[in-house]
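Values in this text are rule-based calculations from the coordinates and carry no lab data. Predicted model, so just to flag it, every value in this text is computed and none were measured. Note that each Cβ is placed from the backbone with ideal geometry, even for glycine, and that neighbours are counted across all protein chains shown.
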Amino acid sequence: MFDQERQNIETRITAFCQQHDIPLAALKWLPIPFAGEWGISTSFFQTAADEARAGRGQGLPVPQRAGQIAEQVRDFLGQPAGISRIEATKGYLNLYFVTGEYARRVVDTVLASGPDFGRGAAKNERVMVEYAQPNTHHSFHIGHFRNTILGESLARLVDFAGFDTVRASYPGDLGLGVITVLWAYDKFYKGREPQDIHERGQWLLKIYAEATNLLTAKENETPEETAQREAHEAERRELYRKWDAGDPEIRQLWLETREWSLEELRDILTMMDVKIDVWFFESDVDEPSKKIVDELIRRGIAEDERPTGGPVIVKIDEKLGLAKEKYRTAVILRSDGTTLYLTKDLALAGQKFDEFHVDRSVYVVDNRQSLHFQQAFAILKLWGFPQAEKCFHLAYGFVSLPEGAMSARRGRVVLFKEVYDEAIQRVLAEIAEKNPEMPAGQRETVAKQIGLGAMAYAMLSVDNNKDIIFDINEALNFDGRTGPYIQNAHVRANSILKKASITNDQLQGTSPNFDYELTKHEIDLIEQVSRFPAAVEQAALEYRPLVMATYAYELANAFHSFYHAAPVIQAEQADVREARLRLVAAARQTIANALRLLGIQAPEIM
RNA sequence: GCCCGCGUAGCUCAAUGGACAGAGCGCCUGACUUCGAAUCAGUAGGUUGGGGGUUCGAAUCCCUCCGCGGGUACCA
């Protein structure tokens, strides 16, 4: 936030080093890691080490020489504008800000920018984020939730950081799993579906588990059972054949049942406030992907082994001249001419580049598919797409249960909707206990905001490449490092401002005066607020919502501490009261912005 | 076999080359006639899986070993 001042000081340090023939290494600036004072810091270890290596050292050990340079620089800089004091210690140079002046500038900037505080400059690059890819004919489970909240948060981050952002969803709507549900529905359950869209989704899941059971060979089957199972299997195969041939009746049934799943998906996305820009279906890229295989064969990238009964393959390692097996050999078309997951992903990527002109493409998909994406990106590169370099698989650890992996086949899944309903119940109970005055009409809305906030934060506050063993009591914890903790900070800030009956216009009208002796808690809070733009930038460039999740907690924590330690409305001096009111407003705004980037709502009361 | 990921406090996790490895939960102490206690302040808890190396400086980078998970030619 104080780039200009930093620039000026950097220029002067560079000049000093040139004068004294010191080979200055690139300056890295960090916040001073000691609470209570506020400033920036850099060190001269690298410079001293470079100097020694070049044989130009003074014969001193590196740490000592670094300390010496730091002291000389301190003396040379004197008292720059906006800096209250400079300290050279243990090879580090610490620059402490004139707190009042910087505090005012931070708070002014936040209040003037409002919801745009922290927004990055336009990057002139288009990013597509692909997430929310559940299979149809199933229900949305807690693993899909991790995927969706991760993708949505990332999309909001890159958008806010200044990228032109396109949100894409790619539901899997074909394959044997889908056909299995169609078969069982048609044979046993036709017309008996529940009307509620979530009940219907769960019902489809039950049918799938049941059908899989019917089609799986058992130990000690009687001959009758075996015959029965084989008859079922033959029916399923026949159904697949008819679907593949485009049988109108089967296609109609397929579209109708697919729509049930999509209705459920859209409803959940609405609850999560996710707005997908582009829908790709696997079935849409099935045919186009076959043409790509032809092209890859023509250009000598793929090898067609079909004449000898084999599939179409790409020997990736060989094509790249790698000795060790890394990408291996990928099959891109079955020997019977039907497509694979990889085939369709090639076609999809082609569409993203050609039709949507994306510069970067991020795939939010679980880490079991890492090899798949490495192969896909390698083939795209061989195919000649320059954007292949900017394709990124955001792999995340899959969500499992204490009793093992979730399995739709076995019906062993934790559904998003079950957890969501439970979350609302728990929040309502909490409200009844903690805030009995809350009007009945508001409770449901607030319960949704808090319940979803807890669920989202539980997913986002863990690094994406870590597996999660889902525990509902952990996910719906409202104390400590959680979504509700951050939301509560927003509510408290809001409550103070409401009680002071101060309007936004009044807040913006005058500039706060922070010329009194600021407490440690005020300085900490202001520092956290000022860090927000950097946190946005880092999270977006590293594709890591976790960075924002961690930041949001630290900001809320600074606010809660401030809240207890520093009276606002009850401040004795009028100027302190005014300044703190504006600081509270700035904190409220920053918390709201941070929550928004995590896909979490910022409630007014709770 | 090979490839990828992970291993940090009792538990769940941060910190990805910088100053003393930080939080939450749990344990124990305190703070509500006070701007909302879904909160705050404090105590205790660590040879960062083992060993070696690079570096002024390593949880972080390199090598090696151990353990766990995932993947590994016609599933997605």
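Brief remarks follow.
- P(r) tail fraction, the range A:299-368 - alpha-carbon pairs more than 14 Å apart, %: 70
- Candidates A:Ala54, A:Pro31, A:Ala66 compared by Cα position along the dipole of the range A:1-80: farthest toward the positive end lies A:Ala54, with charges placed on Cβ.
- When you count the other C-beta atoms within 10 angstrom of each residue and take the mean per peptide, A:371-377, A:103-109 line up highest first as A:103-109, A:371-377.
- Relative contact order of the range A:416-597, taken over Cα pairs closer than 8 Å and 6 or more residues apart, is 25 percent.
- Efficiency of FRET between A:Tyr516 and A:Arg266 - r from beta-carbon atoms, R0 56 angstrom, step 0.05: 0.55
- Shown here is the pair-distance distribution of the range A:280-409: with all Cα-Cα distances grouped in 5 Å bins from zero up to the longest one, the shares run 2, 10, 18, 21, 20, 14, 8, 5, 2, 0 percent.
- Shown for A:Thr482, A:Thr519, A:Thr47: other C-beta atoms within 10 Å of each C-beta, ranked fewest to most, produce the order A:Thr519, A:Thr482, A:Thr47.
- When its C-alpha radius of gyration is set against 2.2 N^0.38 Å (N residues), the range A:422-475 gives a value of 1.34.
- Antiparallel bridges, percent of DSSP beta bridges restricted to chain A (to nearest 5): 50
- The magnitude of the dipole of the range A:64-132, with charges of +1 and -1 set on the Cβ of Lys/Arg and Asp/Glu and taken from the Cα centre, is near 100 debye.
- Across the options A:Val331, A:Thr550, A:Phe514, the greatest Cα extent toward the positive end of the charge dipole of chain A (unit charges at beta carbon of Lys, Arg, Asp, Glu) belongs to A:Phe514.
- Net charge dipole, the range A:280-409: roughly 340 debye, given to the nearest 20, about the Cα centre with Cβ charges of +1 for Lys and Arg and -1 for Asp and Glu.
- The value obtained for the range A:219-282, namely the Cα convex hull volume divided by the number of residues, is 145 Å³ per residue.
- Here the calculated FRET efficiency for A:Ala234 and A:Asn367, from their Cβ-Cβ distance with R0 = 35 Å, stands at 0.40, rounded to the nearest 0.05.
- Label-to-label distance, A:Gln442 versus A:Glu259, with points set 7 angstrom from Cα along the beta-carbon direction: 4.1 nm.
- Principal axis dimensions, the range A:416-597 - Cα atoms, whole angstrom, descending: 51, 43, 27
- Förster radius 25 Å - calculated FRET efficiency between A:Arg481 and A:Ala405, Cβ distance, rounded to 0.05: 0.40
- Debye intensity ratio in log₁₀ form over the Cα atoms of chain A, taken at each q of 0.06, 0.07, 0.08 Å⁻¹: -0.44, -0.59, -0.74
- Inter-label distance for A:Thr216 and A:Lys242, nm, one decimal - labels placed 7 Å from Cα along Cα-to-Cβ: 2.7
- Ellipticity estimate at 222 nm from DSSP helix runs (n ≥ 4, -39,500 (n - 2.57)) divided over chain A, nearest 500: -18500 deg cm²/dmol
- Taking label positions 7 Å along the Cα-Cβ direction at both A:Ser84 and A:Thr14, the computed distance is 3.0 nm, reported to one decimal.
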